1. If you take the residues of segment B:169-181 that are at the interface with chain A (Cβ under 8 Å from one of its Cβ atoms) and in a loop (DSSP other than H, G, I, E, B), which of them is modelled with the lowest pLDDT?
2. When segment A:59-81 is examined, which residues are found to be surrounded by 24 or more Cβ atoms within 10 Å (Cβ to Cβ) and within 25 Å of residue A:149 (Cα to Cα)?
3. Check off (1) modelled with pLDDT of 95 or more; (2) more than 7 Å from every other protein chain (Cβ to nearest Cβ) for residue B:160 and give me the number that stays unchecked.
4. Does residue A:22 satisfy being within 16 Å of residue A:75 (Cα to Cα), surrounded by fewer than 20 Cβ atoms within 10 Å (Cβ to Cβ) and either free of Cβ contacts under 8 Å to residues at least 12 places away in the same chain or within 15 Å of the chain's Cα centre (by Cα) (or both)?
5. Having 2 or more residues that are free of Cβ contacts under 8 Å to residues at least 24 places away in the same chain is the bar; report the helices (runs of 4 or more DSSP H) wholly within segment A:31-149 that clear it.
6. Give the residue, chosen from B:304, B:292, that is within 14 Å of chain A (Cβ to nearest Cβ) and either buried (at least 21 other Cβ atoms within 10 Å of the Cβ) or at pLDDT 95 or above (or both).
7. When you scan segment B:182-194, how many residues do you find that are closer than 13 Å to residue B:242 by Cα and within 14 Å of chain A (Cβ to nearest Cβ)?
8. Scan B:290, B:257 and give me the residue that is touching a residue at least 24 places away in the same chain (Cβ under 8 Å), assigned by TED's automatic domain parsing to the domain that holds residue B:165 and under 20 Å from residue B:151 (Cα atoms).
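The values are calculated or read from the model by the stated rules, or taken from the named source; none is laboratory data. All of these numbers come straight from a predicted model, not from anything done at the bench. Every residue, glycine among them, receives a Cβ derived from its backbone with ideal geometry; neighbour counts consider all protein chains shown.
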């Protein structure tokens, strides 16, 4: 068997699948991160359909690497995943609650480890991305919502129920806008794509963001985060002002996380990180004013995610490999 | 030597010292927490005087347990302590910056481990207090300021520089009052003793807390947190209203920490925890409304610190013992 051949440790093979709100991405990777195959599908609606697509993606990856047999299989999924691998709550996967993906896959693929997608992404970035070499790290994904992952002394911080690293609902403004979670002033209301769009709409209503309104086809209700980042990239002053305001809010939550976790590096991923230095430079500037202990410890590095959209699939696969989710290891 | 006798593991002896803003408390404890001796001194001003008092406390404890020789020595100190044991910044110890306590003690006591005091308190509570048996835990101390400690899978989360677990300066209200740290709206402005006094003064100015004003001798500027807890304990409605408002702010920060860390238990220590259930009951009620994932995971327990004022000294000593700070182990 290839998996038992000399060099199996560095050459070990993992399948990793990232189940997000819009796409399911599968990757077959070596322990060193080399990609052997990748498969992408749109995320269907409903638990049964999602299970079927994950099975199909694993099947396609398995065929692509045959006759070699994967040493481990891992899934990262958007939502609160408990320590037995059950997805308990998934605001971005409508109708999916208490999904036991491991049981639902029916054992055909052997044991499967399941993690929260952002936690998986942090493991990927730690193994071979922006957090490589750091023993203490934090990752935040800024997209439709906000996800997170924590690393302490080289170990994932999973929490009692596996649900650690959910900074999106930290309260940062008791007078802030209502959140779908039922509270108000959650960090996600400000520092996500939805938050950026809201800041831009407020600016547009005050006549301070005409270029954003144009980019949205003249319809204020149609304004999305991308309209801001695109017009800011083109140098529009109104858009840049909105982006700087947004960067302050991003920095607020990161500073809170740094006060709590004291990481060496904070990795910023998710769709909004595609704005790159345009966003990161003002976040760094605002962060320097907000974090505790400046001058008494080396400041953490703020870095863009290096693995991009492949981080969660890569991390899910490597985590499964690193924690022994092969053969007869049983569920984590 | 007693320390090499059979049973030395469970009977091992540690000296622990807690250096706080007002007192230095030393304890000689067995590995099971049994106290053999305790010494208490007021905290003097200035680094040299503090070092001298710590040396004196260790000396007194050493004499008390002689001829037995301690197996380990640990110190918990109020401030940001780096991973080499140097106290980098100590807002409650005026004039003390970059104090290398281990070097200053001159090696007379052998290797000494040094931790932040709240982190040490968490270790004490984990070993034999309110967090016993919990592998994932958070401790917050609510006193003049706010301290904190984190435990993940039975290990302290220290962070890259040893400064993890400082939740007091999480920003929770951008419109909040200025903080001595230079920012505004830090959690400590609301949920510390100073925060309780401020809420009470605001209520008193609006004529809503006459009993608190009486307790403070009629002087609004003299109102302290104790005046609120004492009059609330006596059933005064105005004081209870202030305490409930305060409890909401306490719960905000705890909910933020739970979103990030997902602990099994949150231990509440510090001077304000002496208010007991009077404070804890409204904190629990507010917390239930604020935390993410309710219904999808077991809620963390909110508990009062069990070791009281002895937690940090006990934890500092046991941590030194547990991490091998005896004989020729060298600094951590």
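1. The first filter runs over segment B:169-181 and keeps only residues at the interface with chain A (Cβ under 8 Å from one of its Cβ atoms), leaving B:169-175, B:181.
With the extra rule that they be in a loop (DSSP other than H, G, I, E, B), the set shrinks to B:170, B:172-175, B:181.
Numbers: B:170: 96, B:172: 98, B:173: 98, B:174: 96, B:175: 96, B:181: 85.
The selected residue is B:181.
2. Initially, segment A:59-81 is screened for residues surrounded by 24 or more Cβ atoms within 10 Å (Cβ to Cβ), giving A:61, A:70-78, A:81.
A:71, A:72, A:73, A:74, A:75, A:76, A:77, A:78, A:81 - these are the residues of segment A:59-81 that are surrounded by 24 or more Cβ atoms within 10 Å (Cβ to Cβ) and within 25 Å of residue A:149 (Cα to Cα).
3. So the condition that residue B:160 fails would be (2).
4. Numbers: within 16 Å of residue A:75 (Cα to Cα): yes; surrounded by fewer than 20 Cβ atoms within 10 Å (Cβ to Cβ): yes; either free of Cβ contacts under 8 Å to residues at least 12 places away in the same chain or within 15 Å of the chain's Cα centre (by Cα) (or both): yes.
Criteria met by residue A:22.
5. Working: elements: A:47-65, A:101-104, A:117-128.
Output list reads A:47-65.
6. On the way: B:304 fails: within 14 Å of chain A (Cβ to nearest Cβ).
Residue meeting the stated conditions: B:292.
7. So the count comes out to 2.
8. B:257
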